[in-house]
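Participant: Structure below; questions to follow.
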Amino acid sequence: MSEPEDVDESEQHEADALALALERGTIEAELPEDALQTAALLRYSVDGGELPTDREEAVLFEVLEAAQRVTQKRAENAARVDAPAAPWWRWLFGLASAAALAALLLFFWGRGAPEPTALPEPGAALIGAGLGRLDPAGGDAEYDALMREYRARVYGALSARYESR
């Protein structure tokens, strides 16, 4: 074994961490795996891994203290929550709203686009009369008569379409 003056600071730190890990049974620092296994084996071979009574009480005190801190933190976190859980009727309202929205979407989506209304064609005579109006000497009487007849056919087709609903 080396003399105390031959031990540098990193070795001393590693030895202290190893001793603490063996006492508590937990590792808080990076330790060499082989040194930890060897030390645990040596300790177990001496007394079967049994803790002395004074160390047992100290570990129990540390565990109970840590448990009390955790309990206090949980109580503080529970006290911070301001909003209570939503009442049952809010959930019911949300579900009913979602169902109504789904029904509306299905209703409008299922209907599809309406079929276009078949309108009558204006015909060559009406188009020719319209072009004849461009001539300053052309007459409006023939055009007006053809246009009245065409409008009557268009209105008839539209009224047949929308009155059948």
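Where a number appears in this text, it was derived from the coordinates with a stated rule and is not lab data. Just so you know, these numbers come straight off a predicted model, no measurement behind them. We place every Cβ from the backbone using ideal geometry, glycine too, and count neighbours over all the protein chains shown.
Participant: Roughly how many nanometres apart are two label points built 7 Å out from the Cα toward the Cβ at Leu106 and Trp88?
Facilitator: 2.6
Participant: Now for a different question. Please list, in order along segment 108-120, the HN-Hα scalar couplings obtained from phi with the Karplus expression 6.51 cos²θ - 1.76 cosθ + 1.60 (θ = phi - 60°), rounded to whole Hz, x for Gly and Pro.
Facilitator: 6, 6, x, 6, x, 7, x, 5, x, 7, 7, 9, x
Participant: For all pairs of alpha-carbon atoms in segment 85-148, what percent lies in each bin of width 10 Å, listed from the first bin to the last filled one?
Facilitator: Bin by bin from 0 Å, the calculated values are 17, 20, 12, 10, 12, 12, 10, 7, 1.
Participant: For segment 127-133, what does the Karplus curve 6.51 cos²θ - 1.76 cosθ + 1.60, with θ = phi - 60°, yield as ³J(HN,Hα) per residue in whole Hz, taken in order and with x for Gly and Pro?
Facilitator: Along segment 127-133, the couplings run 5, x, 5, x, 5, x, 5 Hz.
Participant: Using Cα pairs closer than 8 Å and at least 6 residues apart in sequence, work out the relative contact order for the chain, in percent.
Facilitator: That works out to 12 percent.
Participant: Plugging the Kirkwood radius over Cα pairs into Stokes-Einstein for segment 7-80, at a temperature of 20 °C and a viscosity of 1.002 mPa s, what D comes out in µm²/s?
Facilitator: In µm²/s, the coefficient rounds to 146.
Participant: Next up: Quick one: putting +1 on the C-beta of Lys and Arg, -1 on the C-beta of Asp and Glu, what dipole do you get for the chain around its Cα centre, in Debye to the nearest 20?
Facilitator: The calculated dipole for the chain is roughly 3220 debye.
Participant: Between Val63 and Ala99, what FRET efficiency follows from the Cβ-Cβ distance if R0 is 41 Å, with the result rounded to 0.05?
Facilitator: FRET efficiency, Val63 to Ala99: 0.20.
Participant: Just from the alpha-carbon atoms, what are the Rg and Dmax of segment 26-165 in angstroms?
Facilitator: For segment 26-165, the Cα radius of gyration and maximum Cα-Cα distance read 46.1, 131 Å.
Participant: Within 12 Å, Cβ to Cβ, of Arg133, how many net charges do the neighbouring residues add up to if Lys/Arg are +1 and Asp/Glu are -1?
Facilitator: Net local charge, Arg133 excluded: -4.
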